[in-house]
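Let me begin by presenting the structure, written as structure tokens, before commenting on it.
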Amino acid sequence: MFTSIKQPTSICILRLSAIGDVCHAVAAVQAIQQRWPDAKITWIIGKVEVQLLHQLPNIEFVVFDKKAGLKAYYNLQKQFRGQKFDILLHMQIAFRASLVSLCISAREKWGFNRKNSREIQWLFINRQIRALKQPHVAEGFWAFAEAICNDKQTNHLADKPHWHMPIGDDDQEWLNIQLSGDELNNSSDNTLSTKPIFVVSPAASKVQRNWLTERYSAIADHAYTRGYRVILVGGPSPADQQLGDAIVEAANHSLLNLTGKTSLTQLLAVIKNASFIIAPDSGPAHMATTVNTPVIGLYAHSNPKRTGPYLSLENTVSIYAELLEAQTVKTIDDQRWGKRVKGEQLMQQISLESVIEVFNRLDQERTNRISLTIEG
């Protein structure tokens with residue numbers, strides 16, 4: 001199905017949350033910008049998520065604060081009164097987002113195909129993207145770009161999602177200051193500035209998706225002995241802070257603990273400068289995808305083929321398939337796509353040895369790239 005509007009001049013993106021999902025959506029939005037450079041892009045987004053994406057060029061962000069309740073809908077309707085977009089891309093299945101879509105007038109309202117949709121989204125749209133079989137979340141968003149960027153004669157779109165996420169000069173300068181301060185505090189090691197960076201991002205949005213504290217410390221120690229400068233990151237919540245402190249205390253070597261000390265764009269700068277990062281199913285894993293930093297993903301509850309770090313699926317350490325089959329006596333192919341595995345202690349079944357194996361492979365690949373660069 002192809003859009004009937006041959007050359008849109010105004011496009012509205014509706015994707016409110018969460019960090020990982022808006023990261024996935026960026027690739028589609030940037031592809032649309034490349035295809036239709038003269039079209040005005042307006043993105044309706046959540047209050048937290050805009051803090052990460054506000055540096056994206058040529059996009060007007062309109063913040064929808066769900067905590068404001070009915071007033072948030074009223075303000076949005078008031079802001080868009082008298083305005084009609086050529087296209088609305090309704091990229092969020094949640095019923096709350098569909099209510100938001102009622103505040104937006106558009107000639108074409110694109111949503112997910114009914115086969116991939118839930119929460120009666122199809123009642124709020126008049127166009128559907130193509131049906132997808134077992135898609136990754138990023139591919140689901142990419143299909144929106146396909147729908148309005150291609151025509152029957154010419155393919156204007158790359159085959160797969162790709163990202164161009166800017167890093168602000170202020171954020172890079174902030175990171176340089178943190179790294180310099182770490183060097184002063186560790187003056188006995190005068191090689192810090194030449195060391196590659198390994199980032200440990202231990203916290204997911206739900207505690208049961210976190211790996212074990214002592215194993216995070218162990219992989220940090222392993223990275224240190226392999227010549228890496230280890231940086232620990234996390235959010236400002238008490239739970240994240242406590243986890244970060246526990247990892248530092250259990251580690252045998254020095255870590256730069258930036259837990260709760262970064263903005264989202266500063267965190268992105270940290271990840272961009274890393275050789276690779278380890279993380280469970282969480283926002284930072286997908287932030288890493290946007291800046292092309294390899295991710296060691298840790299998965300037990302959700303299917304990494306659906307929600308894993310899109311450019312690093314081969315680096316994911318996953319026990320999801322085995323757990324799902326053990327709980328349901330069915331294989332992945334016989335399940336509803338995206339079905340989660342339930343349990344409070346599942347992540348402890350991811351062994352340290354399996355993670356070290358992936359780390360060592362990535363470390364060797366990095367060494368090989370450096371050797372080729374020197375030889376070249």
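What follows is calculated from the coordinates using simple rules that are stated; it is not laboratory data. Since the structure is predicted, the reported quantities are computational estimates derived from the model, not experimental observations. Every residue, glycine among them, receives a Cβ derived from its backbone with ideal geometry; neighbour counts consider all protein chains shown.
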For segment 202-265, treating each Cα as an identical point scatterer without solvent, what Debye log10 I(q)/I(0) comes out at q = 0.19 1/Å? -0.67
In the chain, with Lys and Arg counted as +1 and Asp and Glu as -1 at Cβ, which of these residues, 180, 52, 268, has the Cα nearest the positive end of the dipole, that is, farthest along it? 52
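Which of the helices in the chain meet the span-like rule: DSSP H, Cα axial reach of 20 Å or more, Kyte-Doolittle mean at least 0.0? Each step should come with its number before you reach the end.
Details: long enough: 19-35 (25 Å, 0.54); 169-185 (24 Å, -1.25); 352-375 (34 Å, -0.35).
Membrane-span-like by this criterion, though nothing is claimed about a membrane: 19-35.
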Suppose we look only past 17 Å in the calculated P(r) of segment 323-376. What percent of the Cα-Cα pairs does that tail hold? 62 percent
By what distance, in whole Å, do the Cα atoms of segment 240-370 stretch along each of the three principal axes, largest value first? 44, 36, 29
Need the full-extension length gain, residue 340 to residue 173, defined as separation in residues times 0.36 nm minus the C-alpha distance. One decimal, nm. 56.1 nm
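Only four residue types carry charge here, +1 at the Cβ of Lys and Arg and -1 at the Cβ of Asp and Glu. Report the dipole size of the chain about the Cα centre in Debye, rounded to the nearest 20.
With Lys and Arg at +1 and Asp and Glu at -1, about 2040 debye.
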Size of charge dipole - segment 169-375 - debye, nearest 20, with Cβ of Lys, Arg +1 and Asp, Glu -1, no other charges: 660 debye
Which whole-number percent is the relative contact order of the chain (Cα, under 8 Å, 6+ apart)? 14 percent
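Computed over the Cα atoms, what is the radius of gyration of the chain divided by 2.2 N^0.38 Å, N being its residue count?
Values: Rg = 21.8 Å, N = 376, 2.2 N^0.38 = 20.9 Å.
So the chain has a normalised radius of gyration of 1.04.
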List residues of segment 275-305, by number, whose backbone nitrogen lies under 20 Å from a label position 7 Å along Cα→C-beta of residue 34. 287-294
Extending each Cα 7 Å along its Cβ direction at residue 71 and residue 373, get the distance between those two points in nm, one decimal. 5.1 nm
I want to check the label-to-label distance for residue 131 and residue 366. Put each point 7 Å from Cα in the C-beta direction and report it in nm to one decimal. 4.5 nm
Dipole size in debye (nearest 20) for segment 1-150 around its Cα centre, Lys and Arg Cβ +1, Asp and Glu Cβ -1? 460 debye
For the chain, with the dipole built from +1 on Lys and Arg beta-carbon atoms and -1 on Asp and Glu ones, taken about the Cα centre, which of 248, 111, 317 lies farthest toward the positive end? 111
Taking every Cα atom in segment 3-106, find the radius of gyration and the maximum pairwise distance Dmax, and write them in Å. 13.0, 38
Once you've got the Cα coordinates, tell me which of 206/272; 40/78; 78/339 are over 28 Å apart. 78/339
